[in-house]
Structures are given as C-alpha cells and as structure tokens.
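Everything below concerns the one structure shown next.
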Amino acid sequence: MQITRLAIPDVLRIVPRVFGDERGFFYESFRQDLFEAAVGRKVSFVQDNHSGSARDVLRGLHYQVRQAQGKLVRVVQGSVFDVAVDLRRASPTFGRWVGEILSADNKAQMWIPEGFAHGFVVLSDHAQTVYKATDYYAPEHERCIAWDDPQLAIGWPLAGAPTVSAKDRGGLPFAAAEAFD
C-alpha cells in the first residue's frame, strides 16, 4: 500500500497494491491495521455509502457540525475529482482545499478526516463512488458550503456548468460556514 500525505497533511492518498493476471485483478481495498498506522490513530467506521452519478454531476461541499464524519473515499466505476476543504479553525491549513482524481483504473482512495467538507465532480460518463464514514449520517447536522465559493477558489475541472442538487445550490459562502474549533 502506497500512502501519500497531500498538501494538507492530514488528508491522505492511499493506493493499494494490485495483483493482476489473465483473470483480472485482486487487491485489499481496506485493511484496518495498515490504515490506522497511516492515520496514526484508531479509527472506527460505522457506515458505508455508495453513489452513482453522471458526467459533470457535482456533489458537495458537505460536512456535519455534530457527528462529524471522517471518510475513506474510492471510485469503483469511472472517475471523479475528489475535494476536501479544511474547516478546523486551529489548523494551519484552515480554509485550504486539496483535490485528487480517484478512478476505477487508478484504484486510489482519499482519507478525509473529521473536520473537513467533502465534494466531488464526475469526470467520466458515469461514476460510482463508495466511501466509509466514521459516524452516521445526521441530516439535522449536515451543512453545505457553496461549491463555487470565490474565497476557496477550488479548481474544479469543469468545461461548463455542473449539475448540482437544489440543496447544494443553496450552499453557504465559506465565510458564513460553521467551522470546527
């Protein structure tokens, strides 16, 4: 397993060791001991989520102010540009973002710890994204930051306007977002 700390060091890119032959491939998509060694702490996952989306669908930027969720994200079909925004006020990277291309081909995963907003845009005709979460979905605690907030200036790889849900169109500016102390 190859683990890379991104520009925000608490966000990790994880690429598994893939074994392939004429039959196809095999890899361990998750292994608790190696994951915790990389993260440097014990992590428990309580929920797995799976979404399917068409090209140019943009989901996010989502987070929960209570029951904050750490997420281990991977793509099992197609490709996405996955983004994490640091919302931890005491962090030296508060208000900064990192993004990675995750795809079924590269089999890369991204660890986004608690205290971050998360979103992605689909780059392929269709994509299926799967992620583990460290706490349960709690809609009463969910918040959304505008995906196109000029203060964040996320470099979304878009040729035109994305397809965004009504909820995500109502995302708040970063300056008005609830952050973590």
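Since every read-out is calculated from the coordinates, none of them should be taken as a lab result. The model shown is predicted, which means the values in this text are computed figures rather than measured ones. Quick reminder, even Gly has a Cβ in these numbers, built from the backbone with ideal geometry, and neighbours come from all protein chains shown.
If amide hydrogens are placed 1.01 Å from N in the peptide plane, which non-local residues have theirs closer than 5 Å to the one on PHE180?
Amide H neighbours of PHE180: ARG88, ARG89.
How much net charge surrounds GLN67 when only the other residues with a Cβ under 14 Å from the Cβ of GLN67 are counted, with Lys and Arg +1 and Asp and Glu -1?
Around GLN67, the charge tally is -2.
Tell me, how many Å apart are the Cα centres for the stretch 1-33 and for the stretch 70-102?
16
Give me Rg/Rg_expected for the chain, where Rg uses Cα atoms only and Rg_expected = 2.2 N^0.38 Å with N residues.
Dividing the Cα Rg of the chain by 2.2 N^0.38 Å gives 1.00.
Each residue of the stretch 35-42 in turn: what ³J(HN,Hα) in whole Hz from Karplus with 6.51, -1.76, 1.60 and θ = phi - 60°, glycine and Pro shown as x?
Per-residue couplings from phi come out as 4, 5, 5, 5, 6, x, 6, 6 Hz.
Take peptides 146-159, 11-24 and line them up by average Cβ neighbours within 10 Å, highest first, as a rough protection proxy.
Final packing ranking: 146-159, 11-24.
Taking only C-alpha pairs under 8 Å that are 6+ residues apart, what is the relative contact order of the chain in percent?
Worked out over the chain, it gives 29 percent.
May I ask you to order 65-74, 123-132, 109-118 by the average number of other C-beta atoms within 10 Å around their residues, highest value first?
Order by mean packing, descending: 109-118, 65-74, 123-132.
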